[in-house]
Amino acid sequence: MTPPARLTVLAGPSAVGKDTVAADVRTRFPNVWLSVSATTRPPRPGEVQGVNYHFVADDQFDRMVAEDELLEWAVVHGVYRYGTPRQAVLDHLAAGDPALLVIDLQGARQVRRRMPEARFVFLAPPSWDELVRRLVGRGTEGEEERERRLASARVELAAEPEFDHVIVNDDVHRATEELVRVMGLASPPVGPVAAG
Ligand code: 5GP
């Protein structure tokens with residue numbers, strides 16, 4: 001019997017490359033379902049409503065929290081709220097889709113309490129200097145926002161031992177390979193054809 005689909009939570013500091021690795025997993029395994037979070041952050045240029053996020057107003061987010069529609073939610077980097085719509089996760093797991101959440105540390109801890117059977121993966125930078133370089137190089141945040149993200153990153157890095165698996169993102173494809181293996185997605189090697 002096929003084991004039931006399992007939830008994988010991918011966390012790690014801002015700019016470590018979580019979204020890139022998750023997108024790479026999806027390219028190779030389109031059956032993996034990637035949760036679309038709700039957020040009160042305004043869209044960045046190029047981001048699409050319902051694809052990158054469900055961009056919602058503050059009062060809509062309040063309602064989702066009040067009605068307990070979110071599996072987890074958190075204020076990330078001290079400003080905007082982000083949360084995972086619960087029903088979509090349950091529906092996809094019930095349908096047998098391997099599900100992946102890309103969320104921050106606070107959210108991962110909440111999922112750990114509510115769904116301890118999930119698999120918790122921490123994506124780590126090769127070094128602190130490299131993380132700073134990626135965060136600055138991305139150029140999507142202003143000075144103040146960048147400082148806030150670096151402060152959160154320091155806290156997030158210290159939480160690495162709480163996770164079941166740690167993957168160092170030294171190379172996107174290599175990190176993806178490792179995540180795919182951890183998620184049990186890699187197809188078994190084709191064995192020699194039996195004689196006769
Ligand atoms: P960004 O604003 O760069 O898209 O995301 C900022 C941070 O929010 C990232 O570290 C991302 O992992 C986190 N995040 C995105 N969606 C969620 C969510 O649904 N819940 C939580 N707790 N964090 C999230």
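The values are calculated or read from the model by the stated rules, or taken from the named source; none is laboratory data. The model shown is predicted, which means the values in this text are computed figures rather than measured ones. A quick note on method: Cβ atoms are made from the backbone with ideal geometry, for glycine too, and the neighbour counts reach across all protein chains shown. SASA here: full protein model, heavy atoms, side chains in, ligands and nucleic acids out. Shrake-Rupley method; radii C 1.70, N 1.55, O 1.52, S 1.80 Å.
I need the full set of residues from the range 145-162 which are of a type in the set (A, V, I, L, M, F, W, C) and crowded, with 18+ Cβ neighbours inside 10 Å, in order please. Across the range 145-162, the qualifying residues are 150, 153.
Would it be correct to say that residue 22 is more than 9 Å from the ligand (Cβ to nearest atom), surrounded by 15 or more Cβ atoms within 10 Å (Cβ to Cβ), in contact (Cβ under 8 Å) with a residue 60 or more places away in the chain and closer than 22 Å to residue 149 by Cα?
Working: more than 9 Å from the ligand (Cβ to nearest atom): yes; surrounded by 15 or more Cβ atoms within 10 Å (Cβ to Cβ): yes; in contact (Cβ under 8 Å) with a residue 60 or more places away in the chain: yes; closer than 22 Å to residue 149 by Cα: yes.
Taking the combined requirement at face value, the residue satisfies it.
The sole residue among 28, 63 that is over 17 Å from the mean Cα position of the chain (by Cα), over 23 Å from residue 141 (Cα atoms) and either open to solvent by 60 Å² or more (accessible area, probe 1.4 Å) or near the ligand (Cβ under 9 Å from one of its atoms) (or both) is 63. The residues listed here are 11, 15, 99, 74; of these, the one that is touching a His at 6+ places or on another chain (Cβ under 7 Å) and open to solvent by less than 50 Å² (accessible area, probe 1.4 Å) is 99.
Checked across the range 116-136, the condition of being under 29 Å from residue 68 (Cβ atoms), aliphatic (A, V, I, L, M) and out of contact with any Phe, Trp or Tyr (no Cβ under 9 Å at 6 or more places or on another chain) holds for at least one residue. Under the condition of being part of a helix (DSSP H, G or I), within 12 Å of the ligand (Cβ to nearest atom) and either open to solvent by 20 Å² or more (accessible area, probe 1.4 Å) or free of Cβ contacts under 8 Å to residues at least 40 places away in the same chain (or both), the residues counted in the range 77-96 number 2.
Name the residues in the range 128-183 that are within 13 Å of the ligand (Cβ to nearest atom), touching a Leu at 6+ places or on another chain (Cβ under 9 Å) and not in a helix (DSSP H, G or I), would you? Result: 141, 159.
If only residues of the range 36-51 that are near the ligand (Cβ under 8 Å from one of its atoms) and of a type in the set (Ser, Thr, Tyr) are counted, the one that is least open to solvent (accessible area, probe 1.4 Å) is 39.
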